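Okay, so here's the structure we're looking at.
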Amino acid sequence: MDPDAVAKAFVEHYYSTFDNNRVGLAGLYQEASMLTFEGQKIQGSQNIVAKLTSLPFQQCKHNISTVDCQPSGPASGMLVFVSGNLQLAGEEHALKFSQMICFEKKRKATVSLV
């Protein structure tokens with residue numbers, strides 16, 4: 001599989017889910033997964049989704065500008081860097097955002113967001 005195509009497909013799925021059904025992100029995280037958000041470290045699928053659903057906005061739209069991917073580690077992992085704009089409902093100006101995603105391949109055909 002082409003790593004760039006996998007990264008792009010995941011990013012499209014992730015941000016579409018974030019924008020439309022944040023609770024649906026739970027299946028993309030594992031208990032070992034960690035989210036660092038504004039200096040706060042949050043670990044575990046339930047805790048991460050609780051954080052994301054508690055953000056002070058209900059509606060948003062991510063507009064992705066870049067998706068950069070490179071291999072990582074001996075287990076066929078990937079690092080994906082995403083940047084773009086986040087438009088909040090009712091706000092005139094979009095916010096800039098960036099996110100680093102680390103995929104670790106645990107078993108054949110299983111990719112997890114860590």
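Share of carbon and sulfur in the accessible area of the chain stands at 52%, probe radius 1.4 Å. For the chain, the relative contact order comes to 22 percent (Cα pairs under 8 Å, sequence separation of at least 6). Here is the list for the stretch 5-114: chymotrypsin sites (Phe, Trp or Tyr not before Pro) lying in DSSP coil, each with at most 12 other C-beta atoms within 10 angstrom of its C-beta, are Phe57.
Here's the picture: charge each Lys and Arg Cβ at +1 and each Asp and Glu Cβ at -1 in the chain, and of His62, Thr17, Ala75 the one pushed furthest to the positive end of that dipole is Ala75.
Solvent exposure of the chain, expressed per residue, is 64 Å² of accessible area, with all protein chains present and a 1.4 angstrom probe. The label-point distance for Glu92 and Gln59, in a model that sets each label 7 Å from Cα toward Cβ, rounds to 1.9 nm.
Are there GluC sites (Glu not before Pro) in the stretch 1-61 that DSSP marks as loop and that have at most 11 other Cβ atoms within 10 Å, and which are they?
Values: sites: Glu12, Glu31, Glu38; in loops: Glu31, Glu38.
Hits after loop and neighbour filter: Glu31, Glu38.
Here r is the Cβ-Cβ distance between Gln70 and Gln43 and R0 is 30 Å; the resulting FRET efficiency, rounded to 0.05, is 0.75.
Suppose every K and R has +1 on its Cβ and every D and E has -1 on its Cβ; what is the size of the dipole of the stretch 9-108 about the Cα centre, in Debye to the nearest 20? Intermediate results must be reported in sequence, preceding the final value.
Values: 9 positive and 8 negative charges, 86 e Å.
Dipole magnitude for the stretch 9-108 comes out near 420 debye.
For the pair the stretch 5-25 / the stretch 37-91, the C-alpha centres are spaced 9 Å from each other.
One way to sum up the overall shape of the chain is the equivalent ellipsoid from its Cα gyration tensor, whose semi-axes run 24, 17, 12 Å, largest first.
Computed on protein heavy atoms with a 1.4 Å probe, the accessible areas place Lys96, Lys8 in the order Lys96, Lys8, largest first.
The values are calculated or read from the model by the stated rules, or taken from the named source; none is laboratory data. Keep in mind that this is a model prediction, so the values were computed, not measured. When we count neighbours, we look across all protein chains shown, and the Cβ atoms used for this are built from the backbone with ideal geometry, even at glycine. Protein only, heavy atoms only, side chains kept; ligands, DNA and RNA dropped before computing areas. Shrake-Rupley method; radii C 1.70, N 1.55, O 1.52, S 1.80 Å.
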